Amino acid sequence: MKKILVPTDFSKPSEYASKLASKLAEKANSEVHLLHMVELPTGIIDMGSGTNFSIPESMLYIRKVRDRLIDYKQQFFSRNEIVKHAIRFQNPYDGICDYAKKHNVDLIIMGAKGHTNLEEILIGSNTEKIVRNSEIPVIATKKNGENFDPKNFVFASSFKPEKNQAFERFLEFASNFDSKIHLLRINTPQKFENTQETNQRIKNFIKKYDLKNYTINVYNDSSIEKGILNFSNKINADIIALATHGRSGLSHIFNGSITRHLSKKSIKPMLTFKI
(Lines give C-alpha, C1' and ligand atoms only; values in the text may rest on other atoms or scores of the structure.)
Protein backbone atom coordinates (compact mmCIF):
# COMPACT_ATOMS: atom_id res chain seq x y z
CA MET A 1 0.00 0.00 0.00
CA LYS A 2 2.69 2.45 -1.04
CA LYS A 3 0.38 4.73 -3.03
CA ILE A 4 -3.24 5.61 -2.24
CA LEU A 5 -5.41 7.47 -4.75
CA VAL A 6 -8.24 9.62 -3.39
CA PRO A 7 -10.56 11.10 -6.04
CA THR A 8 -12.51 14.07 -4.68
CA ASP A 9 -15.33 16.29 -5.87
CA PHE A 10 -15.30 18.22 -2.57
CA SER A 11 -18.57 16.58 -1.51
CA LYS A 12 -19.28 15.23 1.97
CA PRO A 13 -18.70 11.58 0.86
CA SER A 14 -15.34 12.69 -0.57
CA GLU A 15 -14.47 14.23 2.78
CA TYR A 16 -15.29 10.94 4.51
CA ALA A 17 -13.05 9.08 2.05
CA SER A 18 -10.27 11.61 2.57
CA LYS A 19 -10.36 11.22 6.35
CA LEU A 20 -10.22 7.45 5.98
CA ALA A 21 -7.37 7.70 3.46
CA SER A 22 -5.40 9.97 5.76
CA LYS A 23 -5.72 7.47 8.62
CA LEU A 24 -4.75 4.50 6.45
CA ALA A 25 -1.84 6.36 4.88
CA GLU A 26 -0.56 7.40 8.29
CA LYS A 27 -0.60 3.81 9.56
CA ALA A 28 0.96 2.32 6.43
CA ASN A 29 3.29 5.24 5.68
CA SER A 30 1.71 5.58 2.25
CA GLU A 31 2.02 8.28 -0.37
CA VAL A 32 -1.33 9.99 -1.05
CA HIS A 33 -2.47 11.16 -4.47
CA LEU A 34 -5.38 13.58 -4.31
CA LEU A 35 -7.22 13.84 -7.64
CA HIS A 36 -9.94 16.19 -8.84
CA MET A 37 -11.63 15.66 -12.20
CA VAL A 38 -12.95 18.56 -14.29
CA GLU A 39 -15.21 17.84 -17.24
CA LEU A 40 -14.71 20.84 -19.49
CA PRO A 41 -17.32 22.01 -22.00
CA THR A 42 -16.81 21.12 -25.64
CA GLY A 43 -15.81 24.73 -26.33
CA ILE A 44 -12.44 24.19 -24.73
CA ILE A 45 -11.70 21.63 -27.43
CA ASP A 46 -13.40 23.38 -30.33
CA MET A 47 -12.82 27.13 -30.05
CA GLY A 48 -14.29 27.92 -33.42
CA SER A 49 -16.74 30.71 -34.04
CA GLY A 50 -20.14 30.47 -32.49
CA THR A 51 -19.04 29.06 -29.12
CA ASN A 52 -19.77 30.82 -25.86
CA PHE A 53 -16.52 29.61 -24.38
CA SER A 54 -14.45 32.24 -22.60
CA ILE A 55 -10.77 31.45 -22.09
CA PRO A 56 -10.24 34.07 -19.32
CA GLU A 57 -13.29 32.84 -17.41
CA SER A 58 -12.16 29.23 -17.72
CA MET A 59 -8.65 30.01 -16.59
CA LEU A 60 -10.07 31.81 -13.56
CA TYR A 61 -12.25 28.79 -12.81
CA ILE A 62 -9.29 26.40 -13.06
CA ARG A 63 -7.21 28.58 -10.73
CA LYS A 64 -10.05 28.58 -8.20
CA VAL A 65 -10.29 24.80 -8.42
CA ARG A 66 -6.52 24.49 -7.91
CA ASP A 67 -6.62 26.80 -4.87
CA ARG A 68 -9.53 24.86 -3.44
CA LEU A 69 -7.70 21.58 -3.93
CA ILE A 70 -4.63 22.92 -2.15
CA ASP A 71 -6.79 24.11 0.77
CA TYR A 72 -8.53 20.72 0.78
CA LYS A 73 -5.17 18.94 0.97
CA GLN A 74 -4.12 21.04 3.93
CA GLN A 75 -7.44 20.47 5.68
CA PHE A 76 -7.55 16.68 5.40
CA PHE A 77 -3.96 15.56 4.88
CA SER A 78 -1.87 17.89 7.03
CA ARG A 79 -0.57 14.94 9.08
CA ASN A 80 0.59 12.91 6.08
CA GLU A 81 4.17 13.18 4.89
CA ILE A 82 3.80 12.87 1.11
CA VAL A 83 0.61 14.20 -0.49
CA LYS A 84 0.46 15.00 -4.17
CA HIS A 85 -2.46 16.69 -5.87
CA ALA A 86 -3.58 16.81 -9.48
CA ILE A 87 -6.39 18.15 -11.65
CA ARG A 88 -7.35 16.20 -14.75
CA PHE A 89 -9.71 17.19 -17.54
CA GLN A 90 -11.62 13.99 -18.24
CA ASN A 91 -14.82 12.30 -17.20
CA PRO A 92 -14.41 10.89 -13.68
CA TYR A 93 -14.29 7.20 -14.55
CA ASP A 94 -11.70 7.43 -17.36
CA GLY A 95 -9.64 9.99 -15.49
CA ILE A 96 -9.45 7.96 -12.28
CA CYS A 97 -8.53 4.74 -14.10
CA ASP A 98 -5.92 6.44 -16.29
CA TYR A 99 -4.31 8.23 -13.36
CA ALA A 100 -4.22 5.08 -11.21
CA LYS A 101 -2.54 3.10 -13.98
CA LYS A 102 -0.03 5.81 -14.87
CA HIS A 103 1.09 6.31 -11.26
CA ASN A 104 1.06 2.63 -10.21
CA VAL A 105 -1.47 3.20 -7.45
CA ASP A 106 -1.99 0.36 -4.94
CA LEU A 107 -5.36 1.37 -3.50
CA ILE A 108 -8.23 3.67 -4.48
CA ILE A 109 -10.43 5.16 -1.75
CA MET A 110 -13.70 6.75 -2.86
CA GLY A 111 -16.66 8.32 -1.17
CA ALA A 112 -19.99 6.71 -1.93
CA LYS A 113 -23.36 8.37 -2.03
CA GLY A 114 -26.72 7.03 -0.97
CA HIS A 115 -28.94 6.88 2.08
CA THR A 116 -29.32 3.67 4.04
CA ASN A 117 -29.31 1.21 1.18
CA LEU A 118 -26.06 -0.43 0.14
CA GLU A 119 -27.42 -0.87 -3.37
CA GLU A 120 -27.65 2.92 -3.72
CA ILE A 121 -24.04 3.25 -2.63
CA LEU A 122 -22.38 0.76 -4.92
CA ILE A 123 -24.72 0.13 -7.83
CA GLY A 124 -25.25 2.55 -10.70
CA SER A 125 -22.61 5.10 -9.73
CA ASN A 126 -19.07 6.11 -10.64
CA THR A 127 -17.92 4.30 -7.53
CA GLU A 128 -19.57 1.06 -8.62
CA LYS A 129 -18.12 1.45 -12.10
CA ILE A 130 -14.63 1.81 -10.66
CA VAL A 131 -15.24 -1.20 -8.40
CA ARG A 132 -16.43 -3.28 -11.34
CA ASN A 133 -13.55 -2.52 -13.66
CA SER A 134 -10.55 -1.50 -11.58
CA GLU A 135 -7.69 -3.98 -11.38
CA ILE A 136 -6.65 -2.06 -8.27
CA PRO A 137 -8.36 -2.71 -4.91
CA VAL A 138 -11.01 -0.12 -4.06
CA ILE A 139 -12.42 1.03 -0.73
CA ALA A 140 -15.87 2.60 -0.99
CA THR A 141 -17.07 4.40 2.12
CA LYS A 142 -19.87 6.67 3.19
CA LYS A 143 -18.90 6.90 6.85
CA ASN A 144 -16.73 9.49 8.50
CA GLY A 145 -13.28 7.93 8.69
CA GLU A 146 -11.77 10.49 11.05
CA ASN A 147 -11.61 8.07 13.98
CA PHE A 148 -10.83 5.00 11.92
CA ASP A 149 -8.76 2.53 13.93
CA PRO A 150 -9.26 -0.94 12.42
CA LYS A 151 -9.61 -3.78 14.88
CA ASN A 152 -11.85 -6.19 12.97
CA PHE A 153 -11.72 -7.06 9.27
CA VAL A 154 -14.31 -9.26 7.60
CA PHE A 155 -13.40 -11.26 4.51
CA ALA A 156 -16.66 -12.59 3.07
CA SER A 157 -16.27 -15.31 0.47
CA SER A 158 -17.34 -18.69 -0.84
CA PHE A 159 -13.72 -19.77 -0.25
CA LYS A 160 -13.44 -21.48 -3.60
CA PRO A 161 -9.96 -21.78 -5.18
CA GLU A 162 -10.53 -18.88 -7.59
CA LYS A 163 -10.75 -16.56 -4.57
CA ASN A 164 -7.12 -17.20 -3.53
CA GLN A 165 -5.67 -14.24 -5.42
CA ALA A 166 -8.17 -11.83 -3.90
CA PHE A 167 -7.46 -13.24 -0.44
CA GLU A 168 -3.72 -12.81 -0.90
CA ARG A 169 -4.22 -9.18 -1.88
CA PHE A 170 -6.46 -8.75 1.14
CA LEU A 171 -3.74 -10.18 3.39
CA GLU A 172 -1.25 -7.70 1.92
CA PHE A 173 -3.62 -4.90 2.89
CA ALA A 174 -4.37 -6.35 6.34
CA SER A 175 -0.66 -6.80 7.12
CA ASN A 176 -0.44 -3.04 7.65
CA PHE A 177 -2.66 -3.31 10.72
CA ASP A 178 -2.80 -5.30 13.93
CA SER A 179 -6.37 -6.41 13.31
CA LYS A 180 -8.35 -9.62 13.74
CA ILE A 181 -9.52 -11.24 10.48
CA HIS A 182 -13.00 -12.77 10.47
CA LEU A 183 -13.41 -15.29 7.65
CA LEU A 184 -17.10 -15.35 6.74
CA ARG A 185 -19.25 -17.70 4.69
CA ILE A 186 -22.97 -16.89 4.45
CA ASN A 187 -25.48 -19.74 4.32
CA THR A 188 -28.82 -18.96 2.68
CA PRO A 189 -31.89 -21.12 2.11
CA GLN A 190 -31.10 -21.14 -1.60
CA LYS A 191 -27.44 -22.07 -1.15
CA PHE A 192 -27.17 -24.06 2.04
CA GLU A 193 -24.43 -26.43 3.17
CA ASN A 194 -23.69 -27.92 6.54
CA THR A 195 -21.33 -26.16 8.90
CA GLN A 196 -18.83 -29.01 9.04
CA GLU A 197 -18.31 -28.95 5.25
CA THR A 198 -17.93 -25.19 5.21
CA ASN A 199 -15.48 -25.12 8.10
CA GLN A 200 -13.33 -27.75 6.42
CA ARG A 201 -13.32 -25.88 3.12
CA ILE A 202 -12.25 -22.66 4.83
CA LYS A 203 -9.50 -24.52 6.71
CA ASN A 204 -8.26 -26.01 3.42
CA PHE A 205 -8.43 -22.56 1.83
CA ILE A 206 -6.21 -20.89 4.46
CA LYS A 207 -3.82 -23.72 5.36
CA LYS A 208 -1.02 -22.35 3.18
CA TYR A 209 -1.20 -18.94 4.84
CA ASP A 210 0.36 -18.11 8.17
CA LEU A 211 -2.72 -16.67 9.85
CA LYS A 212 -2.55 -16.02 13.56
CA ASN A 213 -5.33 -13.69 14.66
CA TYR A 214 -8.48 -14.91 12.91
CA THR A 215 -11.87 -16.57 13.31
CA ILE A 216 -13.89 -18.89 11.05
CA ASN A 217 -17.58 -18.06 10.81
CA VAL A 218 -20.57 -19.64 9.11
CA TYR A 219 -23.55 -17.31 9.35
CA ASN A 220 -27.13 -18.16 8.36
CA ASP A 221 -29.37 -15.49 6.90
CA SER A 222 -32.06 -14.96 4.29
CA SER A 223 -29.64 -13.43 1.76
CA ILE A 224 -25.90 -13.04 1.28
CA GLU A 225 -25.93 -9.27 1.49
CA LYS A 226 -28.08 -9.19 4.61
CA GLY A 227 -25.90 -11.85 6.25
CA ILE A 228 -22.71 -9.91 5.54
CA LEU A 229 -24.11 -6.71 7.00
CA ASN A 230 -25.71 -8.38 10.02
CA PHE A 231 -22.57 -10.32 10.90
CA SER A 232 -20.40 -7.23 10.38
CA ASN A 233 -22.62 -5.22 12.69
CA LYS A 234 -22.57 -8.01 15.27
CA ILE A 235 -18.77 -7.97 15.59
CA ASN A 236 -18.49 -4.22 14.94
CA ALA A 237 -16.36 -4.73 11.83
CA ASP A 238 -14.26 -1.85 10.55
CA ILE A 239 -13.97 -3.03 6.94
CA ILE A 240 -15.83 -5.61 4.84
CA ALA A 241 -13.69 -7.19 2.11
CA LEU A 242 -15.17 -8.89 -0.96
CA ALA A 243 -13.95 -10.37 -4.22
CA THR A 244 -15.89 -9.14 -7.26
CA HIS A 245 -16.23 -10.25 -10.87
CA GLY A 246 -15.55 -7.56 -13.44
CA ARG A 247 -18.46 -8.57 -15.61
CA SER A 248 -21.01 -7.77 -12.93
CA GLY A 249 -19.32 -5.72 -10.22
CA LEU A 250 -21.21 -6.16 -6.98
CA SER A 251 -24.55 -6.65 -8.68
CA HIS A 252 -24.28 -10.45 -8.34
CA ILE A 253 -24.35 -9.92 -4.58
CA PHE A 254 -26.19 -6.63 -4.11
CA ASN A 255 -29.02 -7.10 -6.56
CA GLY A 256 -31.77 -4.98 -5.11
CA SER A 257 -32.80 -7.33 -2.30
CA ILE A 258 -31.24 -5.38 0.56
CA THR A 259 -33.74 -4.59 3.28
CA ARG A 260 -34.66 -0.94 3.79
CA HIS A 261 -34.68 -1.09 7.58
CA LEU A 262 -30.90 -1.37 7.94
CA SER A 263 -29.75 1.79 9.62
CA LYS A 264 -27.23 4.22 8.26
CA LYS A 265 -24.81 3.15 10.96
CA SER A 266 -24.76 -0.37 9.56
CA ILE A 267 -22.89 0.74 6.45
CA LYS A 268 -19.24 -0.23 6.71
CA PRO A 269 -16.38 0.67 4.36
CA MET A 270 -16.23 -1.91 1.57
CA LEU A 271 -12.89 -3.17 0.27
CA THR A 272 -13.16 -4.93 -3.08
CA PHE A 273 -10.77 -6.99 -5.16
CA LYS A 274 -11.45 -7.87 -8.77
CA ILE A 275 -10.98 -11.51 -9.75
Residue-wise HN-Hα coupling along the range 88-99, computed from phi with Karplus coefficients 6.51, -1.76, 1.60 (Hz; x: Gly, Pro): 10, 10, 8, 5, x, 4, 5, x, 5, 5, 5, 5
K3 long-range amide H proximity, modeled H, under 5 Å: E31, D106, L107
1.4 Å probe accessible area per residue over the range 167-211, in Å²: 59 Å²
Distant-in-sequence amide H partners of K274 (H built 1.01 Å from N, under 5 Å): T244
Long-range amide H partners of I82 with built H, under 5 Å: V32
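The values are calculated or read from the model by the stated rules, or taken from the named source; none is laboratory data. Bear in mind the structure is a predicted one, so any value in this text is a computation, not a measurement. Just the protein is used for accessible areas: all its heavy atoms, side chains included, with ligands, DNA and RNA removed. Shrake-Rupley method; radii C 1.70, N 1.55, O 1.52, S 1.80 Å.
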